[in-house]
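To keep things clear, I will list the structure first and then write my remarks on it.
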Amino acid sequence: MQVLTFLIPISLVLGGLGLAGFLYTVRSNQYDDPEGDSRRILSDEWDDHPKP
């Protein structure tokens with residue numbers, strides 16, 4: 001049972017890091033154009049200069 005005293009805080013810290021990473025990606029607009037990707041993958045046209 002002493003193992004739980006280590007595992008619970010470690011899991012909470014890792015979960016917090018995952019949440020912080022997710023919030024960082026949301027705030028930096030990395031999920032801006034989800035529909036554009038689906039349209040580009042089905043298109044036959046090649047885009048040599050995609051949006052940055």
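Please identify every one of the chymotrypsin sites (Phe, Trp or Tyr not before Pro) in region 2-33 that sits in a loop by DSSP and has no more than 13 other beta carbons within 10 Å of its own beta carbon.
Values: sites: F6, F22, Y24, Y31; in loops: Y31.
Counting only loop positions with at most 13 other Cβ atoms within 10 Å, the chymotrypsin sites (Phe, Trp or Tyr not before Pro) in region 2-33 are Y31.
Can you tell me how region 1-45 classifies by the Cα gyration tensor, rounded, prolate or oblate, using a/c under 1.5 as the rounded cut?
On the way: a/c = 8.37, a/b = 3.16, b/c = 2.65.
Taking the square roots of the gyration eigenvalues as a ≥ b ≥ c, region 1-45 is prolate.
Read the figures in this text as sums done on the coordinates, not as results from a lab. Here the structure is a predicted model, which means the values were calculated and not measured. FYI the Cβ positions are ideal-geometry reconstructions off the backbone, even for glycines, and counts take in every protein chain you see.
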